[in-house]
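Down below is the structure, laid out as structure tokens.
The values are calculated or read from the model by the stated rules, or taken from the named source; none is laboratory data. Just so it is clear, the model here is predicted, and its values are computed rather than measured. Cβ: placed from backbone, ideal geometry, glycine included. Neighbour counts: every protein chain shown.
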Ligand SMILES: [Zn+2]
């Protein structure tokens with residue numbers, strides 16, 4: 001994957017497979033993992049990183065009452081303005097059940113054009 005130009009940074013499109021809104025530069029959809037036709041041209045590899053990854057497992061012990069859960073995701077900017085807020089999933093957790101939750105933020109360097 002080539003480096004992105006700064007003026008194209010953050011551009012989005014809709015995955016043709018699952019309709020998720022994804023980065024225009026994505027070579028594969030992070031939601032359905034489908035490969036995309038309009039991948040960025042081959043060039044110098046962009047510096048990619050995972051600046052945030054959080055995982056946790058919730059479980060209910062035998063005999064514990066069921067609980068309902070909501071996995072909520074929000075993104076705020078430097079002023080605290082909420083840019084995005086989504087309910088990722090809901091469900092119930094009963095005795096002897098568990099759910100594993102993972103949040104990952106992936107990042108790719110953008111070509112600043114010498115600035
Ligand atoms: Zn998809």
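Counting only residues that are closer than 20 Å to residue 46 by Cα and more than 8 Å from the ligand (Cβ to nearest atom), which one in the range 12-23 is surrounded by the most Cβ atoms within 10 Å (Cβ to Cβ)? Reasoning before the result, please.
Pass one, the range 12-23, residues closer than 20 Å to residue 46 by Cα: 12-13, 22-23.
Narrowing the set further to residues that are more than 8 Å from the ligand (Cβ to nearest atom) leaves 12-13, 23.
Numbers: 12: 11, 13: 14, 23: 18.
Looking at residues that are closer than 20 Å to residue 46 by Cα and more than 8 Å from the ligand (Cβ to nearest atom), I get 23.
Taking only the range 57-87 into account, find how many residues are surrounded by 10 or more Cβ atoms within 10 Å (Cβ to Cβ) and within 20 Å of residue 100 (Cα to Cα).
Count: 11.
Scan the range 24-83 residue by residue and report those that are more than 16 Å from the ligand (Cβ to nearest atom), at pLDDT 90 or above and part of a loop (DSSP other than H, G, I, E, B). Please lay out each step first, then the result.
Just the residues of the range 24-83 that are more than 16 Å from the ligand (Cβ to nearest atom), to begin with: 40-83.
Then keep just the ones that are at pLDDT 90 or above; that gives 49-83.
Those that are more than 16 Å from the ligand (Cβ to nearest atom), at pLDDT 90 or above and part of a loop (DSSP other than H, G, I, E, B): 60, 61, 62, 63, 64, 65, 66, 77, 78, 79, 80, 81.
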